[in-house]
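*Asks:* One structure is given below, represented as structure tokens, and several questions about it will come after.
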């Protein structure tokens, strides 16, 4: 082997110093299973959604994605776990708008700051919502519901998944724009409101689409209107509420992913890219659609901008309706 001239050695050493080291965390991530903390109760529609995602995301990452159900306190418990987790890409959050939108709009006091301690990764799927009624209620359209409410103010009650929820805010928008008066019955979980309509405990409710479809097909509930901007493929004959009430603005309804603040950019981009790829797998999209959700899969920048708009809209509607958010 030919010896390197002594005069070249200093130059080689300087050149080596100038070569930046490869980021080891990007090369080795993930080296172990990744934890997805969720606010959803095991067996719920939201839980089913993220378990589908976890399977395909795990395939892309090359490591299992382990679901950790931390239901309770409107999502605060799960969000706090992730906000306080090590920012290494091995813990992230699956959540609804309650923490990053509703409680931020309300400026609620929490043990962490969603704006600073959590970073938007991607919106997994939109959660279409519908207004349902018990079959015994003498109405067959949402227009007839409004007519009934005008004729009998505060005689008709409706359920939602809680004070300040997107469902509650939607109902308050209807009240502000149409002048109808109905009695709000807040529940801790939308599933319970749905079941109470089925059993006739309450006459109407706003609920998410997926859990209601089989009940509607069985004739146990009537679907009267959708809260979305357009009609839903599952119920093409059911109007969107904007068709009946001009000026109605749909409120946030989604499940999204968030990481702790401070995750290295290379790891964050890997996780974001693999999540979006997982959501574009045809089999995954089909499974998600079958349980009543609509795949989104946007970039972190797009998701963060969406949340910012929704916080402003939520705060404006809550102020106009006199709702104390975050209760």
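Readers should treat all values here as calculations from the given coordinates under stated rules, not as data from a laboratory. Note that the structure is predicted; figures quoted are calculated from it, not measured. Cβ placement follows ideal geometry from the backbone for every residue including glycine, while neighbour counts extend to all protein chains displayed.
*Asks:* Testing the spin-label approximation: label points 7 Å from Cα along Cα→Cβ at residue 233 and residue 199. State their distance in nm.
*Replies:* Computed distance between label sites residue 233 and residue 199 equals 3.5 nm.
*Asks:* Given the options 289, 154, 60, state which has the largest fluctuation in a GNM of the chain using a 10 Å cut-off (strictly under) for Cα springs.
*Replies:* Highest fluctuation of the listed residues: 154.
*Asks:* What fraction of the Cα pairs in segment 129-244, stated in percent, has a spacing above 26 angstrom? Can you show the working numbers first?
*Replies:* On the way: 482 of 6670 pairs.
Distances greater than 26 Å cover 7 percent of the Cα pairs.
*Asks:* How do 314, 286, 55 rank when sorted from fewest to most other Cβ atoms within 10 Å of their own Cβ? Provide the component values of the computation, followed by the final result.
*Replies:* Details: 314 24, 286 11, 55 16.
Fewest to most other Cβ atoms nearby, the residues stand as 286, 55, 314.
*Asks:* If you don't mind, there's one more thing I want to ask. Can you tell me the order of 166-176, 93-103 when each peptide is scored by its average per-residue count of other Cβ atoms within 10 angstrom, highest first? The partial results should precede the final answer.
*Replies:* Working: 166-176: 22.5, 93-103: 26.5.
Highest to lowest by the protection proxy: 93-103, 166-176.
*Asks:* Continuing with the same structure: Short version: what are the Cα gyration tensor semi-axes of the chain, square root of 5 times each eigenvalue, largest first, in whole Å? Display every interim value, and only then the final one.
*Replies:* Values: eigenvalues 437, 80, 53 Å².
Gyration-tensor ellipsoid for the chain: 47, 20, 16 Å.
*Asks:* Can you give the FRET efficiency to the nearest 0.05 for residue 42 and residue 290, using r as the Cβ-Cβ distance and R₀ = 22 Å? Intermediate values should be presented prior to the final figure.
*Replies:* Details: r = 19 Å, r/R0 = 0.88.
The computed FRET efficiency comes out at 0.70.
*Asks:* Connecting C-alpha atoms closer than 10 Å in a GNM of the chain, tell me which of 129, 161, 108 has the biggest fluctuation.
*Replies:* Maximum among the listed residues: 108.
*Asks:* Would you compute, for the Cα atoms of segment 275-319, the largest minus smallest coordinate along each principal axis and list the three values in descending order, in whole Å?
*Replies:* 42, 23, 8
*Asks:* Kirkwood Rh and Cα-based Rg: tell me the resulting Rg over Rh for segment 56-197, rounded to two decimals. Walk me through the intermediate numbers first.
*Replies:* Details: Rg = 19.1 Å, Rh = 17.9 Å.
Answer for segment 56-197: 1.07.
*Asks:* Right, next: Could you work out how far apart the two model spin labels at residue 151 and residue 178 are, taking each label as a point 7 Å from the Cα in the direction of the beta carbon, and quote it in nm?
*Replies:* 1.4
*Asks:* How long are the semi-axes of the ellipsoid equivalent to segment 235-326, from square roots of 5 times the Cα gyration tensor eigenvalues, in whole Å, largest first?
*Replies:* Working: eigenvalues 171, 100, 19 Å².
The three semi-axes for segment 235-326 are 29, 22, 10 Å.
*Asks:* Report the full-extension gain for the segment residue 111 to residue 283: residue separation times 0.36 nm, less the Cα-Cα distance, to one decimal in nm.
*Replies:* Working: separation 172, 0.36 × 172 = 61.92 nm, distance 3.94 nm.
Gain in length upon complete extension: 58.0 nm.
*Asks:* Please arrange 147, 196, 117 by counting, for each residue, the other beta carbons lying within 10 Å of its beta carbon, fewest first.
*Replies:* Numbers: 147 13, 196 17, 117 20.
Least to most surrounded, the residues fall as 147, 196, 117.
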